[in-house]
Amino acid sequence: MGANNRLLVGQIAVELGFLTREQLQECIDLQAGQVQPKPIGTLLLESGFLTQEKLAGVLEEQKRRLQESLPYAPTQRGAVAFGRLIVDRGLVKQEHVNEALRAQQDLADRGIRKRLGELLVEAGHLTPEAVPDILKAQGKVLMACTFCGAHFNVLITIAEGYPCRKCGMPLDQKTGIVSADETAYLLPAVDPRPRGPATDTQRAAAQAPAPAAPPTAIGPDFLGRLARILTIIGILTLILYLLTKV
């Protein structure tokens, strides 16, 4: 079970012992078949799996978890922090963030990776223009490769001249895109960016001619092989001479 699941209403209700995983899956399947999906909490109430009091307890626990420290991987931390910011700013309702987090985990289980902001934009809950502002509040900027088209969330502190992790070409800040292949927290181990001006010492070392290789010593084995070759040539020459006299 992914770390993001512990923030979702259904998973919290299961952990608190309010319903079984089978009951939760039944409501998830029901939600997936709806043209306009209802919040999972509403479906759990309508199905009789949760009472209003238990749902209130689940939402209170969810609120507590959203405020606690985040012992997750950086990308999961980023998704949760992104969700907190857009809810605090009144851009998206908490229930829509919950739905997007669940969809994000469902996609991840099938090997498909999507950012929380991308899912919320696709669902119509968040405008594309809001994404760069939220990323900036997180200290990140969305950039695209000018050569291969890859997208990255890059920390603002290392964004200037940051090279593409896939092809090494320069990245450029872009508008109108909300997806990213990955988040860059550190400079790559091998930095293909142009270096600063070389010092006089470095230029002199680069221009200095390479030292000549020392002459190879002629060993006794070489002299022996050379003597045998010359002997064979001499014998062949003598044979040809005798044949011409016959």
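Could you check segment 112-167 and list, in sequence order, the residues that are in contact with a Ser or Thr (Cβ under 8 Å, 6 or more places away or on another chain), within 24 Å of ARG102 (Cβ to Cβ) and β-branched (Val, Ile, Thr)? Passing the criteria: only VAL121. Of all residues in segment 116-149, those being in contact with a strand residue (DSSP E or B) (Cβ under 8 Å, 6 or more places away or on another chain) and under 29 Å from LEU7 (Cβ atoms) number 8. If the condition is being outside the structural domain of LEU16 (by TED's automatic domain parsing), within 18 Å of GLY10 (Cα to Cα) and modelled with pLDDT of 80 or more, then segment 55-94 contributes GLY83, LYS93, GLN94.
Among the residues of segment 141-157, are any modelled with pLDDT under 75 and not assigned by TED's automatic domain parsing to the domain that holds PHE82?
There is no residue in segment 141-157 that is modelled with pLDDT under 75 and not assigned by TED's automatic domain parsing to the domain that holds PHE82.
Go over the candidates GLU182, GLU122 one by one and state the one that is at pLDDT 80 or above and either surrounded by 12 or more Cβ atoms within 10 Å (Cβ to Cβ) or not assigned by TED's automatic domain parsing to the domain that holds ARG6 (or both).
Numbers: GLU182 fails: at pLDDT 80 or above.
Of the residues listed, the single one that is at pLDDT 80 or above and either surrounded by 12 or more Cβ atoms within 10 Å (Cβ to Cβ) or not assigned by TED's automatic domain parsing to the domain that holds ARG6 (or both) is GLU122.
Restricting attention to segment 29-54, which residues are surrounded by fewer than 15 Cβ atoms within 10 Å (Cβ to Cβ), at pLDDT below 90 and either assigned by TED's automatic domain parsing to the domain that holds GLN105 or assigned to a helix (DSSP H, G or I) (or both)? Passing the criteria: ASP29, ALA32.
If only residues of segment 85-115 that are of a type in the set (Gly, Ala, Ser) and assigned to a loop (DSSP other than H, G, I, E, B) are counted, the one that is nearest to LYS38 (Cα to Cα) is GLY90.
The values are calculated or read from the model by the stated rules, or taken from the named source; none is laboratory data. Quick caveat, the model's predicted, so the values are computed rather than measured. Every residue, glycine among them, receives a Cβ derived from its backbone with ideal geometry; neighbour counts consider all protein chains shown.
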